[in-house]
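Participant: Pasting in a structure now, in structure tokens, and then I'll have a few things to ask.
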Amino acid sequence: MQRCLDLLTSGLTPEGILQQLINGVTLGSVYALIALGYSMVYGVLELINFAHGDVFMIGTFVVLGVTGQFGLTGRSSLALVIPVLLLAMIAAMALCAVLGFTIEKVAYRPLRRAPRLAPLISAIGVSFFLQAWIATYVSSRDHTLPNLLAGDIPLYGDVSLRYVQVLMLVSSVVMMVGLQQLVRRTSLGRGMRAVAQDREAAELMGVNMDRVISFTFIIGSALAGVAALLWMLNYSTNQSIGFIAGLKAFAAAVIGGIGNIPGAMLGGFLLGLAESLGAAYVSNVSCGIFSSAYEDVFAFAFLILMLVFRPSGIIRERVSQRA
Amino acid sequence: MSDSSSDGSAFLEVTGLEVAYGKIVALRGVSLNISRGEIVTLIGANGAGKSTTVRTLAGLMRPLKGRVVFDGKETTGRPAEAIVRRGLCLAPEGRRLFPRMSVHENLLMGAYTRRDRDGVRADMERGFTLFPRLKERSTQLAGTLSGGEQQMLAIARALMSRPRLLMLDEPSLGLAPILVETIFAIIRDINKQGTSILLVEQNARQALQVAHRGYVLETGEIVHTGTGKELLESAEVQKAYLGM
Amino acid sequence: MSSFIDALVALLHGPFGNHPFAVLAWQVLLAGAAYLMVRLVRGRVPRQATAPLRLAGKGASVVLRNRYALLLIGLLLPLVELLTGGYLLSVTYSIELYVLLAVGLNIVVGFTGLLDLGYVAFFAVGAYVYGLFASPQLYEITKQTTYFLVAQSALGPEPGFHISMLVLLPVAGAAAALFGVLIGIPTLRLRGDYLAIVTLGFGEITRIFANNLDQPINITNGPNGVINIDPITIGNYSFGSPQNHLGPFQIPPFLNYYYLVLLLILLTVFIVSRLEHSRVGRAWAAIREDETAAQVAGINTRNLKLLAYASGGFFGGMAGAIYAAGQHLIAPDSFQLFVSILVLCMVVAGGMGSIPGAVVGAIVIGALYFFTPQLLYLRILVFGALLVLLIIVRPQGFLPSAQRERELEETDEDPSLVAPAPGPAP
């Protein structure tokens, strides 16, 4: 018992917690970007796009490829790093968008009128195909980028905000606000929402379903491309990263209420925080029974609890889904 | 523009439409036509195939056989979205609004196929003069409107596409009698402003009163046709649909 | 065989070099060409030209639907393999375990229509039940308790538990069935796709626990897995011993296991096909087709769904126990999500809801998978593509159940489900 108390008191310092909060929010911003793709596709098609995480994974490899092509190292000057990172982002966005578009056309569109589970099975097939493709023709090892944007802003005690984290936060928030505007204000965005709310009525209004669905995949996948760049600035990748990152992002989408864009962002931040704090402190809190090896168990358990008890997310909607 | 209609020949011409759900046949060779400027009503009992007919005309279902010609061009089997663009628009049964969009956005959805912003704005004003209630509620979510308001919005939304032929599927369903009167008055108004109307109704009496002509559908077949007045006075129709 | 595989690898790799984009460009070309070929050939080949193919297909279907023919093949196959040296026996035995798994998963996915992506959890539970209670693994834990003395004196001189398979096989099945019910209870209300994700989550959680339960007390031995698991022994006959002889012939261990699993498959198929045609089976089908309607018709959907999980789990658990005995060691890595997907692929390929389909699907997919270990990730790539292709081109599978086939035919003609194709009217 004494040991447990010691663990609890020694581990939890204000500085430590603050640092984990910062880490959690930055991690969460990436989850949020991936979650948007799940959420948008689910909104429009009611399909869990199982392959979305793997589109993100492909994006990380595109980023690796572009930065590798220019031989970036930790000592490269900012004048080189920034344009190359921009280029990497554009390349990842473009390739992911093409990939998302193709996946929908090849693997989901023929199944639009099939029983509900058919496209999900197809999505699983695509997911494994993409993972195996990378493992076969690119690499099956872990990869990281060199530390490109070294340096940080000291905040409090030895807590600091790294430049990379600032970049991650800012870019993901910019992307999310941009998407929100697109969906709220443009005709295409209205078309997407219309298809999500009542597919047949949308068709009667003259909405071209195929185009709206294609655009949904293109936009969601391009966002996964951005997420891929941000991820690579701080974390490592391999061919199966898309599975676990994708599941966590899906959990984020569910937490925020699937199909709900601001909700996906909120869910992403919450999940990132839970993961950071959980991994750092689970051992202290559970008296050493659980270690950070259970990190993914918590993510899954969180997801399961959400799906079972609050499948419509934590935000209450003013109008019921099927009004 | 073809002038095939100005001489009174068919604006919409449907011949021998056959539609089935799986092995269950819903329409067995329905033929009807509508001239420019007419209100035509399609009446019949539950399950007679009224909704199936308009849904097929709108492109939501594909016929096994038959032809649909709208304004001189064949639309059989075209997707719904293309048919709206030609000016044939359906306000479906059950209103089918976008519940989580505002009234304003629902109207914009009605104008989805249009690119002329000024025209859209003008039509929206026209819609608001037709339905002043909608103007008051333009920022409210459609899902929170009352039944009558929802029906008004559904009609206003359908008008936003500037249809040349508007199909209304059971616009009076579930409304209080006083509202039913209003809706029928509005239908007459819309028609006076130049839109042809195909009206599907269970409320046969009122439908026949506003309509120039009517068709009676029974188990997937047209069994009677005539002017509104003729049908109102026909003994068989009275017995079967007017409760006399 | 191996030169064919080499050719396939080379074909997929293409002539443009190793750069991923070169490979990609080639594969896009290849896929485009294949698509064009199919488009061109479709409907233009005279029926006479494909007649032999169709005849062969029909013949195969007749043979494969005939349980006696299948049984005969099953009985004779290992003997043929023995003549060629016997090294294929372990592979055929693995395929057999997957037949068991596929028949079990078919109850959940095929009969009841519940997409379970965590079926591997049942396999793992069965394997760990046998692994823990038929190996020295639990010795360290039990010796600290007073139960130890009792247990040890009852179970003999060897450290740890060494309970017989005859006891553990049903126990492993029952444990997995119970696990199925436990997973089932919270998920009863979930819709199809959410259910899939939740079961996937449970599958992964199971594996992660197996991987980490060496701390703070060592139960599963963590990532290293449970080792020195007892082979199955009946009387004095040890299935795992290489010293068994039948007359002058030496009996390899896998031959023992092969026939044991064959027996188990026969039993399972018998039980499951009885279930399929019983009241329970009809209720499952009703749930699959329309859960609300089933409920209204007075079917206790809750209990029947739990029963589906439990039965699926039972057979998965038994397969797991035999797997553990045959391998002598089990590790969490053997219970990856991919196992669930592979079994699902078998069920889909064979035809969801069809028992002969599940058996044949497992044999075909299992053979493709287990005979090509040199392909590493490439075979997973092929499976991914195959899964997509199958669900699009032949959703009813190789050997569809008669009922499913009828249903699919009907939906084909339903105009409300078939979109009007863009383009000019016919």
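The values are calculated or read from the model by the stated rules, or taken from the named source; none is laboratory data. Worth saying up front: this structure is predicted, and the values here are computed from it rather than measured. Counting neighbours? That spans all protein chains shown, and the Cβs are built from the backbone with ideal geometry, glycine included. Protein only, heavy atoms only, side chains kept; ligands, DNA and RNA dropped before computing areas. Shrake-Rupley method; radii C 1.70, N 1.55, O 1.52, S 1.80 Å.
Participant: Take the residues in region C:209-221 that are within 9 Å of another protein chain (Cβ to nearest Cβ) and farther than 18 Å from C:G126 by Cβ; name whichever of them is least open to solvent (accessible area, probe 1.4 Å).
Facilitator: Taking region C:209-221 as the starting set, the residues that turn out to be within 9 Å of another protein chain (Cβ to nearest Cβ) are C:209, C:211-212, C:215-216.
Those still in the list that are farther than 18 Å from C:G126 by Cβ too: C:212, C:215-216.
Values: C:N212: 25, C:Q215: 119, C:P216: 84 Å².
Only one residue fits best here, namely C:N212.
Participant: Let me spell it out: the conditions are (1) facing another protein chain (nearest Cβ under 10 Å); (2) over 30 Å from A:D210 (Cβ atoms); (3) assigned to a helix (DSSP H, G or I); (4) out of contact with any Ser or Thr (no Cβ under 9 Å at 6 or more places or on another chain), and A:A118 meets all of them except one. Which number is the exception?
Facilitator: For A:A118, the failing item is (2).
Participant: Among the helices (runs of 4 or more DSSP H) confined wholly to region A:149-208, which include 2 or more residues that are more than 11 Å from chain B (Cβ to nearest Cβ) and at pLDDT 90 or above?
Facilitator: Of the helices (runs of 4 or more DSSP H) lying wholly inside region A:149-208, those with at least 2 residues that are more than 11 Å from chain B (Cβ to nearest Cβ) and at pLDDT 90 or above span A:163-185.
Participant: Have a look at A:V30, A:V44, A:V66 and point out the one that is of a type outside the set (S, T, N, Q), touching a helix residue (DSSP H, G or I) at 6+ places or on another chain (Cβ under 6 Å) and within 14 Å of chain C (Cβ to nearest Cβ). Before you say what the answer is, go through the steps one by one.
Facilitator: Numbers: A:V30 fails: within 14 Å of chain C (Cβ to nearest Cβ); A:V44 fails: within 14 Å of chain C (Cβ to nearest Cβ).
Every option except A:V66 fails the conditions.
Participant: List the number of the failed condition for A:C287; all other conditions in (1) in a helix (DSSP H, G or I); (2) over 28 Å from A:T144 (Cα atoms) hold.
Facilitator: In the conditions (1) in a helix (DSSP H, G or I); (2) over 28 Å from A:T144 (Cα atoms), A:C287 misses (1) alone.
Participant: Within region C:67-87, take every residue that is surrounded by 13 or more Cβ atoms within 10 Å (Cβ to Cβ) and under 24 Å from C:V347 (Cβ atoms) and give me the one that is modelled with the lowest pLDDT.
Facilitator: That would be C:R67.
Participant: Checking the conditions here, which among C:I197, C:I219, C:I265, C:I229 is part of a loop (DSSP other than H, G, I, E, B), in contact (Cβ under 8 Å) with a residue 40 or more places away in the chain and under 24 Å from the mean Cα position of the chain (by Cα)?
Facilitator: On inspection, the qualifying residue turns out to be C:I229.
Participant: Right, another one. Out of everything in region B:63-85 that is basic (K, R) and in contact (Cβ under 8 Å) with a residue 24 or more places away in the chain, what residue ends up being farthest from B:Y21 (Cα to Cα)?
Facilitator: Per the criteria, the residue is B:R85.
Participant: Looking at C:G316 and the list (1) touching a Ser or Thr at 6+ places or on another chain (Cβ under 6 Å); (2) crowded, with 24+ Cβ neighbours inside 10 Å, which single condition is not satisfied?
Facilitator: It is condition (1) that C:G316 fails.
Participant: So if I check each of A:I134, A:I103, which one is buried (at least 24 other Cβ atoms within 10 Å of the Cβ), out of contact with any strand residue (DSSP E or B) (no Cβ under 8 Å at 6 or more places or on another chain), within 10 Å of chain C (Cβ to nearest Cβ) and closer than 24 Å to A:M209 by Cα?
Facilitator: Only one candidate qualifies: A:I103.
Participant: Would you check if there is a residue in region B:102-112 being within 11 Å of another protein chain (Cβ to nearest Cβ) and within 19 Å of B:L198 (Cα to Cα)?
Facilitator: yes
Participant: May I pose another question? Residues of region C:355-382 being closer than 20 Å to C:T92 by Cβ, of a type in the set (F, W, Y) and within 14 Å of another protein chain (Cβ to nearest Cβ), which ones?
Facilitator: C:Y369
Participant: Considering every residue within region B:170-177, establish whether at least one is away from chain A (no Cβ under 14 Å), farther than 29 Å from B:G47 by Cα and touching a helix residue (DSSP H, G or I) at 6+ places or on another chain (Cβ under 8 Å).
Facilitator: No.
Participant: Of (1) in a helix (DSSP H, G or I); (2) at the interface with another protein chain (Cβ under 9 Å from one of its Cβ atoms); (3) within 23 Å of A:N23 (Cβ to Cβ); (4) among the hydrophobic types (A, V, I, L, M, F, W, C), A:L305 satisfies all except one. Which?
Facilitator: With respect to (1) in a helix (DSSP H, G or I); (2) at the interface with another protein chain (Cβ under 9 Å from one of its Cβ atoms); (3) within 23 Å of A:N23 (Cβ to Cβ); (4) among the hydrophobic types (A, V, I, L, M, F, W, C), A:L305 is out only on (3).
Participant: Consider region B:176-217. How many of its residues are in a strand (DSSP E or B) and open to solvent by 10 Å² or more (accessible area, probe 1.4 Å)?
Facilitator: Of the residues in region B:176-217, 2 are in a strand (DSSP E or B) and open to solvent by 10 Å² or more (accessible area, probe 1.4 Å).
Participant: Same structure again: Could you grab me the full set of residues in region A:240-260 that are more than 22 Å from A:G189 (Cα to Cα) and open to solvent by 20 Å² or more (accessible area, probe 1.4 Å)?
Facilitator: Residues satisfying the conditions are A:S240, A:I241, A:F243, A:I244.
Participant: For region B:48-63, which positions are under 15 Å from B:V25 (Cβ atoms) and within 8 Å of another protein chain (Cβ to nearest Cβ)?
Facilitator: Hits for region B:48-63 are B:M61, B:R62, B:P63.
Participant: If you don't mind, another one. Determine whether A:L87 is open to solvent by 50 Å² or more (accessible area, probe 1.4 Å), in a helix (DSSP H, G or I) and not polar (S, T, N, Q).
Facilitator: Working: open to solvent by 50 Å² or more (accessible area, probe 1.4 Å): yes; in a helix (DSSP H, G or I): yes; not polar (S, T, N, Q): yes.
For A:L87, the condition - open to solvent by 50 Å² or more (accessible area, probe 1.4 Å), in a helix (DSSP H, G or I) and not polar (S, T, N, Q) - is met.
Participant: Further question on the same structure: Could you tell me how many of the residues in region C:11-28 are touching a residue at least 12 places away in the same chain (Cβ under 8 Å) and either touching a His at 6+ places or on another chain (Cβ under 8 Å) or open to solvent by 70 Å² or more (accessible area, probe 1.4 Å) (or both)?
Facilitator: Within region C:11-28, residues that are touching a residue at least 12 places away in the same chain (Cβ under 8 Å) and either touching a His at 6+ places or on another chain (Cβ under 8 Å) or open to solvent by 70 Å² or more (accessible area, probe 1.4 Å) (or both) number 2.
Participant: Pairs needed: first member in region C:359-379, of a type in the set (A, V, I, L, M); second member anywhere, buried (at least 17 other Cβ atoms within 10 Å of the Cβ) and not in a helix (DSSP H, G or I); C-beta distance under 8 Å; at least 6 residues apart or different chains.
Facilitator: Once the first residue is of a type in the set (A, V, I, L, M) and sits in region C:359-379, its partners that are buried (at least 17 other Cβ atoms within 10 Å of the Cβ) and not in a helix (DSSP H, G or I) give C:V360/C:F398; C:V360/C:L399; C:V364/C:F398.
Participant: Where residues in region C:171-190 are farther than 16 Å from C:K305 by Cα and open to solvent by 20 Å² or more (accessible area, probe 1.4 Å), which of them is farthest from the other protein chains (Cβ to nearest Cβ)?
Facilitator: In this case the residue turns out to be C:V171.
Participant: Same structure, new question: Would you check which residues across region B:84-101 are facing another protein chain (nearest Cβ under 7 Å) and of a type in the set (K, R) and list them?
Facilitator: B:R85, B:R96, B:R100, listed by residue number.
Participant: Filter region C:191-205 down to the residues that are open to solvent by less than 20 Å² (accessible area, probe 1.4 Å) and facing chain A (nearest Cβ under 7 Å) and list them by number.
Facilitator: C:D193, C:Y194, C:A196, C:I197, C:V198, C:G201, C:E204
Participant: Hey, another quick one. If you scan region B:1-24, which residues turn out to be at pLDDT below 90, open to solvent by 50 Å² or more (accessible area, probe 1.4 Å) and within 14 Å of another protein chain (Cβ to nearest Cβ)?
Facilitator: Within region B:1-24, B:Y21, B:K23, B:I24 meet the criteria.
Participant: C:R44: open to solvent by 70 Å² or more (accessible area, probe 1.4 Å), charged (D, E, K, R) and out of contact with any Leu (no Cβ under 7 Å at 6 or more places or on another chain), yes or no?
Facilitator: So C:R44 fits the description; yes.
Participant: Out of C:A60, C:A56, C:A51, I need the residue that is in a helix (DSSP H, G or I), open to solvent by 50 Å² or more (accessible area, probe 1.4 Å) and among the small types (G, A, S). Which one?
Facilitator: C:A56
Participant: Give me the residue from region C:279-292 that is free of Cβ contacts under 8 Å to residues at least 40 places away in the same chain, part of a helix (DSSP H, G or I) and open to solvent by 50 Å² or more (accessible area, probe 1.4 Å) and, out of that set, farthest from C:F111 (Cα to Cα).
Facilitator: Step one: list which residues in region C:279-292 are free of Cβ contacts under 8 Å to residues at least 40 places away in the same chain, which gives C:279-280, C:282-283, C:286, C:290-292.
Okay, now just the ones that are also part of a helix (DSSP H, G or I), so C:279-280, C:282-283, C:286, C:291-292.
Those still in the list that are open to solvent by 50 Å² or more (accessible area, probe 1.4 Å) too: C:279, C:282, C:291-292.
On the way: C:R279: 13, C:R282: 9, C:E291: 13, C:T292: 16 Å.
Across region C:279-292, the extreme among qualifying residues is C:T292.
Participant: Can you name the residue in region B:144-154 that is within 13 Å of chain A (Cβ to nearest Cβ) and in a helix (DSSP H, G or I) and, of all such residues, is farthest from B:L198 (Cα to Cα)?
Facilitator: Here the residue is B:T144.
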